[in-house]
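Right, one structure below, let's go through it.
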Amino acid sequence: MGRIVEQFGNALNSIYGRLLALLTACVAFIQPEIWSFYVVGGAVAADLIWGIAAALKLKKFILSKALRETLKKVGIYSFALVGTFAIEKITHSGGSFIAVRTIAVFAAVCEFWSMSASMLIIKPDMPFLKIFRGQLKGEIQSKVGKNINVNEILKDE
């Protein structure tokens, strides 16, 4: 037992050991609701990929802006999910974390909405997304800028 404690102390002597211990503690803390975090993280990553693809089609360089926005999203969603999770952990002695799941659903839906605008930029005649054209015009306008006509982008190829 003394050897285990000694090895653990040795691991915490380096910055990498401390970071690994912190990362392990964080993952262990959120483990009961890890799928909520996976879904939101996947939605943010998918939105980044579709945003980059739309920027390439428009021949715009927005990668640095897209990465900054993605980092902001990760921070905001993480704090919202972890904060809600911590509050629910205090109020529940186990079981279901319905508020965390609800926030994760809303975050993923917001990311899907953003992705949908990028998908319409790439393929304006996509049948499923044509239903939402009118509602997505504002989102597309925010992605391409005020000086570009959204109707030109959305005309069928």
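Each reported figure results from applying straightforward, stated rules to the coordinates on display, with no laboratory input. As the structure is a prediction and not an experimental result, all values here were calculated from the model. A quick note on method: Cβ atoms are made from the backbone with ideal geometry, for glycine too, and the neighbour counts reach across all protein chains shown.
Here the average projected area of the convex hull drawn through the C-alpha atoms of the stretch 73-142 stands at 5.9 nm².
Ellipsoid fit via the Cα gyration tensor, the stretch 26-86: semi-axes of 28, 11, 7 Å, each the root of five times an eigenvalue, largest first. One chain, two ends: Thr70 and Asn10. Fully extended at 0.36 nm per residue, the span grows by 18.0 nm beyond their Cα-Cα distance. Set against the 2.2 N^0.38 Å expectation for a compact globular protein, the chain has a Cα radius of gyration ratio of 1.40. Pairs Lys59/Lys123; Lys57/Lys137; Lys72/Lys130; Lys65/Lys130; Lys65/Lys137: which exceed 23 Å Cα-Cα? Beyond 23 Å: Lys72/Lys130; Lys65/Lys130.
Subtracting the Cα-Cα distance of Met1 and Arg18 from 0.36 nm times their residue separation leaves 4.0 nm of extension gain. For the chain, the 222 nm mean residue ellipticity estimated from helices alone, with every DSSP H stretch of n ≥ 4 adding -39500 (n - 2.57) and the total spread over all residues, rounds to -26500 deg cm²/dmol.
Packing, taken as the mean count of other beta carbons within 10 Å per residue, orders the peptides 4-17, 68-81, 37-50 from highest to lowest as 37-50, 68-81, 4-17.
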